[in-house]
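Where a number appears in this text, it was derived from the coordinates with a stated rule and is not lab data. Being a predicted model, the structure only gives us computed values, none of them experimental.
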Amino acid sequence: MEEFTGLLLPIAFLAGLYLLLIRPQQKRRKQQEHMVRTLEVGDDIVTIGGLHGRVVALSDASMDIAVDADEDVILRYERSSLARIVADDVPGDVPEGEPDDDGGDQT
């Protein structure tokens, strides 16, 4: 019985290590892979380097990003450099001319 008690602490440590470090990392990796797979032309994105742009072309391994409004500056990045896809409607943003939560006009 004492032998089992001596193994309890290392087993609990390994279980805690799995739950706190390994499992969340696997979840983030799966989310990143899903985001890269579902990327479409026209999506507004941010790269891991902080570059904001719009996807104008996709291939299996890379994406072309337009970085200005006129789309005459196009850069090629690896798809794995995608940090996030920017949502069209960001929570908290109120379109110009519409009332805020307090009922007043934003102007």
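Full extension from Ile85 to Ile11: what is 0.36 nm times the residue separation minus their Cα-Cα distance, to one decimal in nm?
Once the chain is fully extended between Ile85 and Ile11, it gains 22.7 nm.
Read phi for every residue in the stretch 67-75 and hand back ³J(HN,Hα) as whole Hz from Karplus 6.51 cos²θ - 1.76 cosθ + 1.60, θ = phi - 60°, with x for Gly and Pro.
Along the stretch 67-75, the couplings run 10, 9, 5, 7, 6, 9, 10, 10, 10 Hz.
What are the radius of gyration and Dmax of the stretch 40-89, computed over its Cα atoms and given in Å?
9.8, 28
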